[in-house]
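The values are calculated or read from the model by the stated rules, or taken from the named source; none is laboratory data. Just so you know, these numbers come straight off a predicted model, no measurement behind them. Every residue, glycine as well, gets a Cβ built from its backbone with ideal geometry; the counts of neighbours run over all protein chains shown.
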Amino acid sequence: MNTKKKVYLSSTFIDLIDHREAVKTALERAQFDIECMEKYPAFDERPKDKCLSDVAECDYYVLILAWRYGYQPDDDNPDNLSITRMEYEEAVRLGKKPLVFLSAKKHPWSFDLADPDCRMPESAIAKFRAKVELEHGIAYFTTPEDLSSQVQSALRNLEQKGKPKAALTNALVRENYLAWLRLCCESVELLGLDLKESQNVRLGQVYVPAVSAPKAETADRGKPEALREERHALLLHRLGSESLYLPGAPGAGKTTFCRWLALVVASGAIPAHPVGVTEEFEEKLPDGLRGRFPLLCRLREWAGHEECLRGNGHWTRTELEDSLNLWLEKTKPGGLTWAAFHDELQTGRALLILDGVDEVPDSLSPGHLPRRNLVTGLADALPEWLKRGNRVLLTSRPYGLCNDDRRRVNLPVAELAELPGPLQDTFVRRWYAAADPAQAAEKASGLLVHLQEREDLAELRRNPMLLTALCVMYDQGKRLPQDFYRLYDAVVG
């Protein structure tokens, strides 16, 4: 059952594309269900009856006006009203209290995005603005970010009216946690192998999409490996439709993907990057992940509190949830409490990101089996969690779960693939763009040419950690190593 409050977003389209997108993203992240013209086949010239029906069904009506009056349908429209004006009149007729936001009069606005007579008092848009200014409390906006912040704040105030104190507290706890999570996941250190200091960059500057290993198509069977076509699937897109168990080799990028997943879901958007990827690898935030509440749990930290995973290897969902409760109580990541998270788990909005099964010890003492407790607890909890609509990502090195444990957990498996050629190229270019913007193009091109000439490095450059090491060593003018072991020694030495 959908428990989200429905918001109808009413405005013209062409002049407010960026503003509408910013508002939609913010409200979806805040757990609202958005009704808007983007769902209709013909945006501005949208069907009147459908619009008015959607207005009637919404919990909150938001009106955004700039300097265009908008599309005016010919049929059954004696007063020559625009669709936006009709939506507003219907909301008022039904007793809904519009939340009204007007473009600030002194804020610069493109003439191409305004009616020619918009500043004339007798123009349709000027009269509409004057009417709502007279009859409602008004907020004035400038940028898309300013508008989205104001709309979200106004709706939050409406939501909080009449709520019990505990619900208000949990909502604030979740909001603070998401802000903390975005900050933590966005910040990374770009380490040089011999550098004493690290260069702080944002994860979005150096991240490249994670993909699952391709499956051989029927047409490829029997072909030599070199002639087979690789068909990778973007992991982010797969998680939009199903929970996953993600095994991957050391340095393949499991933890980085977990951080990226938490960041984009908490942000409600994929950050743009000037160094693009080919269309095949272009990520879009799936609808199945929008509005979810991400809990990022590094399992080694959970297991670091021995009392959290103490037991004899036979856990149920109740014991696993009690353990998660205890871990949150001890660590308080971003101030998150069990009560605030449990609300999300119960309503099916949670995204549990459990990173690193292999880092949970098999045994600490006789009768104390942390990994077995975790696996048996998950086996019992997952059916109920997934039935409610929650999403789960579980990661590990390949040996973290044996075949019996994989069957017990019963999650679809998506093995983390090595970096395919196009993403190796993107990785190198993004790395240098972050590490040395002034010489990024020259250095990236130089390394890529060098790598093409060194077939002996082909295996190394498929691993993100080792490719990072190659970038660093080339940047420092060092001779690139001949084999994996020397490069690995350089990374960890």
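Numbers at a glance
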| quantity | calculated |
| --- | --- |
| Single residue of the range 165-179 satisfying the filter (more than 16 Å from THR347 (Cβ to Cβ) and at pLDDT below 85) that is surrounded by the fewest Cβ atoms within 10 Å (Cβ to Cβ) | LYS165 |
| Check on ALA438, among the aliphatic types (A, V, I, L, M), in a helix (DSSP H, G or I) and without any contact (Cβ under 8 Å) to a residue 40 or more places away in the chain | yes |
| Criterion (at pLDDT 90 or above, of a type in the set (Val, Ile, Thr), surrounded by fewer than 20 Cβ atoms within 10 Å (Cβ to Cβ) and closer than 21 Å to LYS254 by Cα) met by exactly one of VAL413, VAL428 | VAL413 |
| Filtered residues of the range 111-131 (kept if under 22 Å from GLN150 (Cα atoms) and of a type in the set (Gly, Ala, Ser)) | ALA130 |
| ILE138 vs. criteria modelled with pLDDT of 85 or more, touching a Cys at 6+ places or on another chain (Cβ under 8 Å), of a type in the set (A, V, I, L, M, F, W, C) and in the same structural domain as GLN31 (by TED's automatic domain parsing) | no |
| Residue list for the range 399-409, restricted to those being surrounded by 13 or more Cβ atoms within 10 Å (Cβ to Cβ) and assigned to a loop (DSSP other than H, G, I, E, B) | GLY400, LEU401 |
| Residue check for TRP385: within 14 Å of LEU244 (Cα to Cα) and either outside the structural domain of VAL472 (by TED's automatic domain parsing) or touching a helix residue (DSSP H, G or I) at 6+ places or on another chain (Cβ under 7 Å) (or both) | yes |
| Top-ranked residue of the range 288-325 - restricted to ones that are charged (D, E, K, R) and modelled with pLDDT under 90, ranked as surrounded by the fewest Cβ atoms within 10 Å (Cβ to Cβ) | GLU307 |
| Those residues of the range 37-57 which are hydrophobic (A, V, I, L, M, F, W, C) and modelled with pLDDT of 75 or more, in sequence order | CYS51, LEU52, VAL55, ALA56 |
| Among the residues listed as TYR60, TYR69, TYR88, the single one being more than 24 Å from SER149 (Cβ to Cβ) and either of a type outside the set (Asp, Glu) or modelled with pLDDT of 90 or more (or both) | TYR69 |
| Matching residues, the range 52-99, being among the basic types (Lys, Arg), touching a residue at least 40 places away in the same chain (Cβ under 8 Å) and farther than 17 Å from GLU35 by Cα | ARG68 |
